[in-house]
Amino acid sequence: MNKFMIETERLKIVPLTYEEVMLYKINRNELENNSGLKESNSQHTGQFIEMLENKLLPLLKDKKDDYIFYTIWLATDKIENAIVCDFGIKGIPDINNEIEIGYGTQEKYKCRGYMTEAIRGFINWVSCREDIRAVIAETDKGNIPSVRVLEKNDFSMYKETEAAYWWRKENEKFSTLKSL
């Protein structure tokens, strides 16, 4: 895997390069083997493959300099040496310096706090950046574990639709810099 990494108590979190995402799509076990990780023998859903092929990979291929905003970030457990969850940013900061994230936990690792820890580590990384004012996330109303991840990371719900909640976490450093 590449050299850029966020580290938390239990996790190593890395953004995949274009080549690594291609390998992840084609043969997840090979990416795990090449990275020295435990094989999961997991299969991607058709919906995930479609998202990679139609959205992420075309963007990622052209965004070598800003790839961290268009890729999959993998979180691996340091002790188990296995991929436990992943997340992604849905593009570079917009005109309001906001980014949106999406995330998921591997079935076998759910309800262990991995995603909460991964998002906390990511938020700590965001707090060091002056180009990101806020992190946005959408959750289905029925996805209580996803809601809890955001609540535990001090996101505030700012919008509700029939099916979803919208959450926001301000980058406190950005707010401080702007008030100076």
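The values are calculated or read from the model by the stated rules, or taken from the named source; none is laboratory data. Values in this document were obtained by computation on a predicted structure and should not be read as measured data. Here the Cβ is made from the backbone with ideal geometry for all residues, glycine too, and neighbour counts use every protein chain on show. Remember, those area values only see protein heavy atoms, side chains included, never the ligands or the DNA or RNA. Shrake-Rupley method; radii C 1.70, N 1.55, O 1.52, S 1.80 Å.
Some values worked out for this structure:
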| read-out | value |
| --- | --- |
| Check on I89, open to solvent by less than 50 Å² (accessible area, probe 1.4 Å), without any contact (Cβ under 8 Å) to a residue 40 or more places away in the chain, within 20 Å of C128 (Cα to Cα) and not acidic (D, E) | yes |
| Residue match in region 16-32 (condition: surrounded by 17 or more Cβ atoms within 10 Å (Cβ to Cβ) and closer than 17 Å to I79 by Cβ) | yes |
| Sole residue being modelled with pLDDT of 95 or more, under 23 Å from F69 (Cβ atoms) and surrounded by fewer than 20 Cβ atoms within 10 Å (Cβ to Cβ), chosen from K152, K159 | K159 |
| Checklist (1) at pLDDT 85 or above; (2) assigned to a loop (DSSP other than H, G, I, E, B); (3) in contact with a helix residue (DSSP H, G or I) (Cβ under 8 Å, 6 or more places away or on another chain) applied to H44, failing item | (1) |
| Set K78, K63, K55, K90: member being within 15 Å of E20 (Cα to Cα) and not small (G, A, S) | K63 |
| Selection count where residues are under 18 Å from the mean Cα position of the chain (by Cα) and in contact (Cβ under 8 Å) with a residue 24 or more places away in the chain, scope region 36-52 | 2 |
| E107 closer than 23 Å to M51 by Cβ and loosely packed, with under 15 Cβ neighbours inside 10 Å | yes |
| Yes/no for N29 being over 15 Å from the mean Cα position of the chain (by Cα), part of a helix (DSSP H, G or I) and modelled with pLDDT under 85 | yes |
| Test result for K64, open to solvent by 60 Å² or more (accessible area, probe 1.4 Å), in a loop (DSSP other than H, G, I, E, B) and farther than 28 Å from C128 by Cα | no |
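Each row is one residue, and each column tells you yes or no for (1) aliphatic (A, V, I, L, M); (2) free of Cβ contacts under 8 Å to residues at least 40 places away in the same chain; (3) under 30 Å from R168 (Cβ atoms).
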position: R10; (1), (2), (3): no, no, yes
position: T17; (1), (2), (3): no, no, yes
position: E32; (1), (2), (3): no, no, no
position: D62; (1), (2), (3): no, yes, yes
position: D66; (1), (2), (3): no, yes, yes
position: E100; (1), (2), (3): no, yes, yes
